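Everything on this sheet refers to the single structure shown next.
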Amino acid sequence: RSCEMSAAGVNGAPESGIVHTRYRQYQVVGRLKPSAEKGTRKANIFKMNIFAPNEVVAKSRFWYYMSMLNRVKKANGEILQINEVYEKRPSTVSTYGIWMRYDSRTGHHNMYREYRDTSVNGAVSKMYLDVAARHRSRFSNVQIVRTATVPTDKMRKTWNKEYLGKSVAFPLPHRVMRPATKAFKKNFVARRPRTDFTN
């Protein structure tokens, strides 16, 4: 029985070609701990938008960037607030531009990518899968610099411009008609089912 289990059943993910949103956007606010002994009674407050699978990883990435950019360690700092950022219109398809930086075996590379999705979280999830496939780069080696919604007249990538035409359609010629309920299901019918609707 265990040998017949599919790979999707083992991983717990449904069998489909859809890229599921693995990463979420968090807004993390933190600062250096105020200390009268060290002369840091008035510490600057820093706010970052970080993409991570959960809050634990988001806090870890926040301290990674704080140590690199502002020389503030986790031991000497504190997180004031962490919130998840949700999409305002999750049912509208938009083009998202992602400015990112990744570390390869030879050096550091800056890159710009464009993805069409209903949310920035889905676009970032596609970006991580794409960079992992094309450049063998892991999540820890990728640093997102900026994300933005790209208008149609400023799109750069050719594979996204194919969807801009007004006459773009996705026909579904092969449809298998299913009964609405089990009461209408029949094992034998007088004629063959029609599945080709091209004519």
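Report whether or not W63 is open to solvent by less than 80 Å² (accessible area, probe 1.4 Å) and part of a helix (DSSP H, G or I).
Values: open to solvent by less than 80 Å² (accessible area, probe 1.4 Å): yes; part of a helix (DSSP H, G or I): yes.
Yes, satisfied.
Would you check which residues across the range 106-147 are assigned to a strand (DSSP E or B), in contact (Cβ under 8 Å) with a residue 40 or more places away in the chain and open to solvent by 50 Å² or more (accessible area, probe 1.4 Å) and list them?
Result: R116, V145, R146.
Every residue in the range 141-154 that is more than 18 Å from N121 (Cβ to Cβ) and either in contact with a strand residue (DSSP E or B) (Cβ under 6 Å, 6 or more places away or on another chain) or charged (D, E, K, R) (or both), please.
First, the residues of the range 141-154 that are more than 18 Å from N121 (Cβ to Cβ): 141, 151-154.
Passing the criteria: N141, D153, K154.
Would you point out which residue out of V150, V189 is open to solvent by 50 Å² or more (accessible area, probe 1.4 Å), of a type in the set (V, I, T) and on the phi < 0 side of the Ramachandran plot?
Just one listed residue meets the conditions, V189.
Identify all residues within the range 77-105 that are assigned to a loop (DSSP other than H, G, I, E, B) and either surrounded by 15 or more Cβ atoms within 10 Å (Cβ to Cβ) or aromatic (F, W, Y) (or both); write none if there are none. Walk me through it before giving the result.
Filtering the range 77-105 down to residues assigned to a loop (DSSP other than H, G, I, E, B) leaves 86-93, 104-105.
Answer for the range 77-105, where residues must be assigned to a loop (DSSP other than H, G, I, E, B) and either surrounded by 15 or more Cβ atoms within 10 Å (Cβ to Cβ) or aromatic (F, W, Y) (or both): Y86, E87.
I'd like to check something: does the range 162-174 contain any residue that is open to solvent by 100 Å² or more (accessible area, probe 1.4 Å), on the phi < 0 side of the Ramachandran plot and modelled with pLDDT of 90 or more? Don't jump to the end; show me each part of the working.
Filtering the range 162-174 down to residues open to solvent by 100 Å² or more (accessible area, probe 1.4 Å) leaves 162-163, 166-167, 170-172, 174.
This time we only want the ones that are on the phi < 0 side of the Ramachandran plot, so: 162-163, 166-167, 170-172, 174.
If we keep only those that are modelled with pLDDT of 90 or more too, we end up with none.
No, the range 162-174 has no match at all.
The values are calculated or read from the model by the stated rules, or taken from the named source; none is laboratory data. Source: prediction; values computed, not measured. For neighbour counting, all protein chains shown are included, and Cβ atoms are generated from backbone atoms with ideal geometry for every residue, glycine included. Note: accessible area is taken over every heavy atom of the protein model, side chains too, but ligands, DNA and RNA are not part of it. Shrake-Rupley method; radii C 1.70, N 1.55, O 1.52, S 1.80 Å.
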